Protein chains: 2
Amino acid sequence: MMESILVVHGGAPTAVINASLYGAVRQTRRRGFRGRIYGAIHGTGGVLEERFADLGSSSEEALRRLLDTPASAIGTSRTPLEAEDYGRMAEILKKHQIRAVLMTGGNGTMDACGRLKAVCADEGISVCGIPKTIDNDIGVIDHAPGYGSAARFVAQCVSEIALDVRALPIHVCIVEVMGRNAGWLAAASALARREEGGAPDLIYVPEAAFDEEKFLSDVSALHAQKGDVVVVVSEGLKRPDGSTVAPPLFVSGRARYDGDVGNHLAKLVISRLGIKARSEKPGIWGRCCMAAQSPVDREEAVRMGALAADAALDGRSGVMAGLRRLSSDPYSCEEMLVPVEQVMLEERLLPPAFLSPAGNDVTEEFVAWCRPLAAYTPPDYASYF
Amino acid sequence: MMESILVVHGGAPTAVINASLYGAVRQTRRRGFRGRIYGAIHGTGGVLEERFADLGSSSEEALRRLLDTPASAIGTSRTPLEAEDYGRMAEILKKHQIRAVLMTGGNGTMDACGRLKAVCADEGISVCGIPKTIDNDIGVIDHAPGYGSAARFVAQCVSEIALDVRALPIHVCIVEVMGRNAGWLAAASALARREEGGAPDLIYVPEAAFDEEKFLSDVSALHAQKGDVVVVVSEGLKRPDGSTVAPPLFVSGRARYDGDVGNHLAKLVISRLGIKARSEKPGIWGRCCMAAQSPVDREEAVRMGALAADAALDGRSGVMAGLRRLSSDPYSCEEMLVPVEQVMLEERLLPPAFLSPAGNDVTEEFVAWCRPLAAYTPPDYASYF
């Protein structure tokens, strides 16, 4: 009986989710696996609809294009699963003679991975996880593939915007970056700093309760001192009472649409301080911009795909591939396998050691930890002023 | 008597304004010019304050870094000039023995160029213009340096976001791009299209009055047909009565802060159609992102700097360097000199031939015109669904 392996993508794409897919397929082939290699079209929803793409029959050259392809080349899914869906999936996997399932995603996907593993245990089907998130909020591991490229995107963006702001000058520029609960991405903007006291001048993350009055006094003081001020904020900033900083623009039943926090804060600077301000929101481009793909991130994504494939083909189930940091300088990580129960729906936030006591910046310790992942140092630009 | 040449930047930076600076300095040297080569620090304001950077003493290697440097390496200025400032500038130029001034900028800067030329005529000082704008709204010439790179940025961004939106899917994604009165940049998003009917699905520019009800019916129809919809809007969209689409968030005396049109329209889609929507606003990064620098734009920026330097050193005054299109396929332009009076404060909008009759797209004619400037065609990505 010919048995197959199936890769399933969950949650939002990253710049390297397809690199993990490549790593999984390549490693499966390298091991001389004789069965089919499938990708579920649009994640777990695709499994339930029995929509599978045949990846194994692609040429090595065609597969290598995955490394440079943004978004997810097999689609992904955000549809929440019901309890009964897991049993149905197990039946479908059996029917298609699938021996191993690799689920690529973040906390939510690892939760699904653990649940599917439980129902598949008696069927002899292995279910393993490949970590993936731009938010870097998966527990236990040092970092997740996808974060390094998104961090590089933020650093590149803020570095170049800061030069623009200084050249023009614009006064106050607020850059809003993704991150609802965890500030890892906003924190990465610190990599853009050329020197102490350089831009970005202020970094606000959801881990520190946001105080509007303190923000205004921070901006006002820096504007008086430097002229132009670059502020980076996580989209998910919260007030001390836990409410969102930007008031909701629309609420109706369960539907709710919050305003953009960057836009809200720019308005605040203008109306309260009388200083010219504007906001930028590069948004979801931060997770699919191939020009910002970190080479380190890409290589690690390939390795995590291969590691999970190895584990599954060796008959392991309920483990997620991961990386443990050995050293930041020189940068080195070792591979590890994490029991998926340890990361299911667990949300890892920035630790206190990475946050400045004033709550408006990150520490040098964070920068030293982050820089090798993004593989980003601001270039040595020409300047005559 | 040692005479000097001075380069002055005006208005917002582009990804290639420093390439024009490089072209002007290199050409001036190539001609064996023996005097000093200055850059005014922070534009005309820097001239009035007599703040000059010595560019001529830089090594060729150091100068070449200008080609890869975002923003303006000598700063730029947006300070409006008073009538008496021109006479003062002429005095300062005489005092510093400046024989030729090159002013790099858009319509506003060309206006200043024409006025300065008038007061400098009797002093034997040449004043010439180098075109520069991401908005592409300078008259007479085929296009201005800066536009091609900003167009490439928009095309790259929308191409990658469209893949993300399709992979997830997100439903309705609205990308707001720069452009207050002219829609050249929003129009460039059409370069991201892979096939007829591909994303972006709708493009709205300020040249066509924006009708919210028509917009909602366009989005609703496409959502029903395709599932996910990518919309590109110029920040300066206007209603039929000329008012802004996004209501002002703050008005006090002369200060006014409009909301983001993308954010406003996403809210409208959610509240009126009940469809999930979000908005992105890459904003000013679009004019300083070096990863999106168009090689064609960069080379033309160098040429325009050199052409203006040649004209000024030959004793011409009151002319702006420019390009006239000879052919789009293969792409070819010839250099031209335009009397600056023809472009002073003139604002060139998208012509009717580039706009679809329905007012929600651009024509193939526009795409054929624009593609060689951005030097962008969507890559052949891997896709298994």
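The values are calculated or read from the model by the stated rules, or taken from the named source; none is laboratory data. Predicted model, so just to flag it, every value in this text is computed and none were measured. Cβ: placed from backbone, ideal geometry, glycine included. Neighbour counts: every protein chain shown.
Figures for the structure shown
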| read-out | value |
| --- | --- |
| Residues that are among the aliphatic types (A, V, I, L, M) and within 14 Å of chain B (Cβ to nearest Cβ), drawn from the range A:242-258 | A:ALA246, A:LEU249, A:VAL251, A:ALA255 |
| Enumeration of residues in the range A:169-184 that are within 9 Å of chain B (Cβ to nearest Cβ) and in contact with a helix residue (DSSP H, G or I) (Cβ under 9 Å, 6 or more places away or on another chain) | A:ILE170, A:CYS173, A:VAL175, A:GLU176 |
| Residues of the range A:46-80 that turn out to be over 13 Å from B:TYR384 (Cα atoms) and touching a Gly at 6+ places or on another chain (Cβ under 9 Å), as a count | 4 |
| Per-region count, the range A:216-232, residues of a type outside the set (S, T, N, Q) and away from chain B (no Cβ under 14 Å) | 9 |
| Members of the range A:52-67 that are charged (D, E, K, R) and surrounded by 17 or more Cβ atoms within 10 Å (Cβ to Cβ) | A:ARG65 |
| Test set (1) under 26 Å from B:ARG78 (Cα atoms); (2) assigned to a loop (DSSP other than H, G, I, E, B) - A:SER159 fails condition number | (2) |
| Hey, A:ALA112 surrounded by 24 or more Cβ atoms within 10 Å (Cβ to Cβ) and under 22 Å from A:ARG316 (Cβ atoms) or not | yes |
| Of all residues making up the range A:263-275, the number that are surrounded by fewer than 24 Cβ atoms within 10 Å (Cβ to Cβ) and facing chain B (nearest Cβ under 7 Å) | 3 |
| The range B:221-244: number of residues that are small (Gly, Ala, Ser) and out of contact with any Lys or Arg (no Cβ under 9 Å at 6 or more places or on another chain) | 4 |
| Odd one out for B:ARG78, checked against (1) touching a strand residue (DSSP E or B) at 6+ places or on another chain (Cβ under 6 Å); (2) under 26 Å from B:GLY139 (Cα atoms) | (1) |
| Which numbered condition A:THR133 misses (of (1) more than 19 Å from B:ASP164 (Cβ to Cβ); (2) buried (at least 24 other Cβ atoms within 10 Å of the Cβ)) | (1) |
| A:ALA187 vs. criteria surrounded by 24 or more Cβ atoms within 10 Å (Cβ to Cβ) and away from chain B (no Cβ under 14 Å) | yes |
| Among the residues listed as B:ARG239, B:ARG278, the single one being within 11 Å of another protein chain (Cβ to nearest Cβ) and within 20 Å of A:LEU249 (Cβ to Cβ) | B:ARG278 |
| Filtered residue count, the range A:330-385, keeping only those that are hydrophobic (A, V, I, L, M, F, W, C) and in a loop (DSSP other than H, G, I, E, B) | 9 |
| Those helices (runs of 4 or more DSSP H) lying entirely in the range B:1-107 with at least 1 residues within 14 Å of chain A (Cβ to nearest Cβ) | B:17-30, B:43-48, B:60-64 |
| Odd one out for A:TYR376, checked against (1) in contact (Cβ under 8 Å) with a residue 40 or more places away in the chain; (2) among the hydroxyl-bearing types (Ser, Thr, Tyr); (3) over 30 Å from A:VAL230 (Cα atoms) | (3) |
| Residue, nearest to the chain's Cα centre (by Cα), within the range B:20-39, restricted to residues that are under 18 Å from B:THR109 (Cα atoms) and of a type in the set (A, V, I, L, M) | B:LEU21 |
| Filter result for A:GLY286 (closer than 20 Å to A:TRP184 by Cβ, at pLDDT 95 or above and under 16 Å from the mean Cα position of the chain (by Cα)) | yes |
| Candidate set from the range B:190-215 (those that are of a type in the set (D, E, K, R) and surrounded by fewer than 18 Cβ atoms within 10 Å (Cβ to Cβ)); member that is nearest to the other protein chains (Cβ to nearest Cβ) | B:ARG194 |
| Residue list for the range B:146-199, restricted to those being under 26 Å from A:GLY105 (Cβ atoms) and among the basic types (Lys, Arg) | B:ARG166 |
| Residue, farthest from A:ASP201 (Cα to Cα), within the range A:332-385, restricted to residues that are more than 20 Å from the chain's Cα centre (by Cα) and of a type in the set (Phe, Trp, Tyr) | A:TYR384 |
| Evaluation of A:MET178 against (1) touching a Ser or Thr at 6+ places or on another chain (Cβ under 9 Å); (2) under 17 Å from A:VAL367 (Cβ atoms); (3) modelled with pLDDT of 95 or more (one fails), failing number | (2) |
| Long-range neighbours under 6 Å by Cβ, at least six apart or interchain, first residue without any contact (Cβ under 8 Å) to a residue 40 or more places away in the chain within the range B:222-251, second assigned to a strand (DSSP E or B) and surrounded by 13 or more Cβ atoms within 10 Å (Cβ to Cβ) | B:LEU222/B:VAL229; B:LEU237/B:TYR204; B:THR244/B:ASP258; B:ALA246/B:ASP258; B:PRO248/B:ASP258; B:LEU249/B:TYR257; B:PHE250/B:TYR257 |
| B:ALA151 being among the small types (Gly, Ala, Ser), under 30 Å from B:VAL219 (Cβ atoms) and either away from every other protein chain (no Cβ under 13 Å) or surrounded by fewer than 24 Cβ atoms within 10 Å (Cβ to Cβ) (or both) | yes |
| Which listed residue, of B:ALA73, B:ALA90, is modelled with pLDDT of 95 or more, assigned by TED's automatic domain parsing to the domain that holds B:ARG29, touching a helix residue (DSSP H, G or I) at 6+ places or on another chain (Cβ under 8 Å) and closer than 30 Å to A:ASP380 by Cβ | B:ALA73 |
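A quick yes/no check of all residues on (1) assigned to a loop (DSSP other than H, G, I, E, B); (2) closer than 21 Å to A:GLU160 by Cβ; (3) out of contact with any strand residue (DSSP E or B) (no Cβ under 7 Å at 6 or more places or on another chain):
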| position | (1), (2), (3) |
| --- | --- |
| B:SER279 | no, no, no |
| B:ILE284 | no, yes, no |
| B:ALA291 | no, yes, yes |
| B:ASP297 | no, yes, yes |
| B:LEU307 | no, no, no |
| B:ALA312 | no, no, no |
| B:ARG316 | yes, no, no |
| B:MET320 | no, no, no |
| B:ARG324 | no, no, no |
